[in-house]
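Engineer: Got a structure for you, written out below as structure tokens; questions coming shortly.
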Amino acid sequence: MPELPEVEQAARTLGEQIVGAHFDGTIRCSWLKTIEGHAPDVLGAQLVDVMVTGWRRRAKWILLPLANQLTMAAHLRMTGRFVVCGRDEADIPQQRVAFGLRDGREVRFVDQRKFGRIRLLTPPELHQLETAHGYEPFDDALTPTVFAGLLQPTKRIIKAVLLDQTVLAGIGNIYADEALWRAQIHPQLPANQVSSAQATVLLDAIQTVLRQALTNGGSTLRDYRDSYGAKGSQQDNFMAYDRTNQPCMRCGTLIVKTVVAQRGTHFCPQCQ
Ligand SMILES: [Zn+2]
């Protein structure tokens, strides 16, 4: 599932192509559940001659602010991706919805697994989405002290806390495993047993691995593509994730995979 770096890359590469363009209100939808909250024609009526004024990411959401004060919000879930192309180009396999642009192009949402969702948010709904999520990992307000304070009150295992979007936003299975490996913390350590020194190291590890992944356009294990169709390359830098039975880069012990917090979890049993 796309995490912060992949969603950021997908949002940026979509924004580069359509910020300043106008939707024309036409929608072709072949999987109704992709569009949430409104019937496609009702949503389309709110997009007639409406300019996309910017792009940003919040947690794992792609947000496109529109000139009519609404925000188009998209969640890629497992396999969603955007494609921008000419309206006369053939439909893409697994294409679920296509939004017409006034300049003759279309913004298409392709989604093999069909879990991706797109909706229009009013300002109060946008506020609700913002407040439903925790700190962004690069928020200046997220100091090591604040981060340690988030971990202290809970006996939940650290990996579960890292995956909890109401605590930290945007981290999923890949970057949780990678950050914990870098910080040499066992994924099942109760969060309230993470020392303040370890919390400082862990926050730095989270930011370092996410920054590296952003530089590399995210990770592509199977389906992920950015909005130009390009794969990421962060998978070439994995230290723990997807390295089951391969030697730990630090100590040579074989990386093991177990289930932690209901998720396949990769770690070094020796140095974490
Ligand atoms: Zn090791």
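Engineer: So in region 253-271, with the set limited to residues that are more than 7 Å from the ligand (Cβ to nearest atom) and in a loop (DSSP other than H, G, I, E, B), which one is farthest from Thr220 (Cα to Cα)?
Structural biologist: Only one residue fits best here, namely Pro269.
Engineer: I've got another one for you. Taking Thr71 as the residue in question, decide whether it is surrounded by 15 or more Cβ atoms within 10 Å (Cβ to Cβ), more than 30 Å from Thr208 (Cβ to Cβ) and in contact with a Pro (Cβ under 7 Å, 6 or more places away or on another chain).
Structural biologist: Yes.
Engineer: Over 25 Å from Lys231 (Cα atoms) and touching a helix residue (DSSP H, G or I) at 6+ places or on another chain (Cβ under 6 Å): which single residue out of Gly20, Gly104, Gly25, Gly44 fits that description?
Structural biologist: Being over 25 Å from Lys231 (Cα atoms) and touching a helix residue (DSSP H, G or I) at 6+ places or on another chain (Cβ under 6 Å) holds for just one of Gly20, Gly104, Gly25, Gly44, which is Gly25.
Engineer: Is it the case that Gln212 is surrounded by fewer than 21 Cβ atoms within 10 Å (Cβ to Cβ), outside the structural domain of Leu64 (by TED's automatic domain parsing) and modelled with pLDDT under 95?
Structural biologist: no
Engineer: Taking the residues in region 128-164 that are in contact (Cβ under 8 Å) with a residue 60 or more places away in the chain and under 18 Å from Val259 (Cα atoms) as candidates, determine which candidate is farthest from the chain's Cα centre (by Cα).
Structural biologist: Ile157
Engineer: Tell me, yes or no, whether region 69-78 has at least one residue that is assigned to a strand (DSSP E or B) and in contact with a helix residue (DSSP H, G or I) (Cβ under 6 Å, 6 or more places away or on another chain).
Structural biologist: Yes, region 69-78 contains a residue that is assigned to a strand (DSSP E or B) and in contact with a helix residue (DSSP H, G or I) (Cβ under 6 Å, 6 or more places away or on another chain).
Engineer: Here's another thing I want to ask about it. Please determine whether any residue of region 166-189 is under 16 Å from the mean Cα position of the chain (by Cα) and loosely packed, with under 14 Cβ neighbours inside 10 Å.
Structural biologist: There is at least one residue in region 166-189 that is under 16 Å from the mean Cα position of the chain (by Cα) and loosely packed, with under 14 Cβ neighbours inside 10 Å.
Engineer: I've got another one for you. Checking the structure you have, find out if any residue of region 201-212 is within 16 Å of the ligand (Cβ to nearest atom) and more than 30 Å from Val110 (Cβ to Cβ).
Structural biologist: Looking through region 201-212, at least one residue is within 16 Å of the ligand (Cβ to nearest atom) and more than 30 Å from Val110 (Cβ to Cβ).
Engineer: Among the candidates Arg222, Arg243, which residue alone is at pLDDT 95 or above, more than 19 Å from Phe138 (Cα to Cα), assigned to a loop (DSSP other than H, G, I, E, B) and not assigned by TED's automatic domain parsing to the domain that holds Thr79?
Structural biologist: Arg243
Engineer: While we're on this one: If you go through region 255-271, how many residues are within 24 Å of Gln212 (Cα to Cα) and more than 26 Å from the chain's Cα centre (by Cα)?
Structural biologist: Number of matching residues: 1.
Engineer: Does any residue of region 43-53 turn out to be over 30 Å from Val167 (Cβ atoms), touching a residue at least 24 places away in the same chain (Cβ under 8 Å) and of a type in the set (D, E, K, R)?
Structural biologist: Checking region 43-53: at least one residue is over 30 Å from Val167 (Cβ atoms), touching a residue at least 24 places away in the same chain (Cβ under 8 Å) and of a type in the set (D, E, K, R).
Engineer: Let me ask another. May I ask you to verify whether Arg81 is surrounded by fewer than 19 Cβ atoms within 10 Å (Cβ to Cβ) and among the basic types (Lys, Arg)?
Structural biologist: Answer is no for this residue.
Engineer: What about Gln207, is it within 20 Å of the chain's Cα centre (by Cα) and exposed (fewer than 14 other Cβ atoms within 10 Å of the Cβ)?
Structural biologist: No.
Engineer: A follow-up question, please. Looking only at residues in region 219-252 that are within 13 Å of the ligand (Cβ to nearest atom) and within 18 Å of Leu4 (Cβ to Cβ), which one is surrounded by the most Cβ atoms within 10 Å (Cβ to Cβ)?
Structural biologist: Ala240
The values are calculated or read from the model by the stated rules, or taken from the named source; none is laboratory data. A quick note: this is a predicted structure, and the numbers were derived from the prediction, not measured. When we count neighbours, we look across all protein chains shown, and the Cβ atoms used for this are built from the backbone with ideal geometry, even at glycine.
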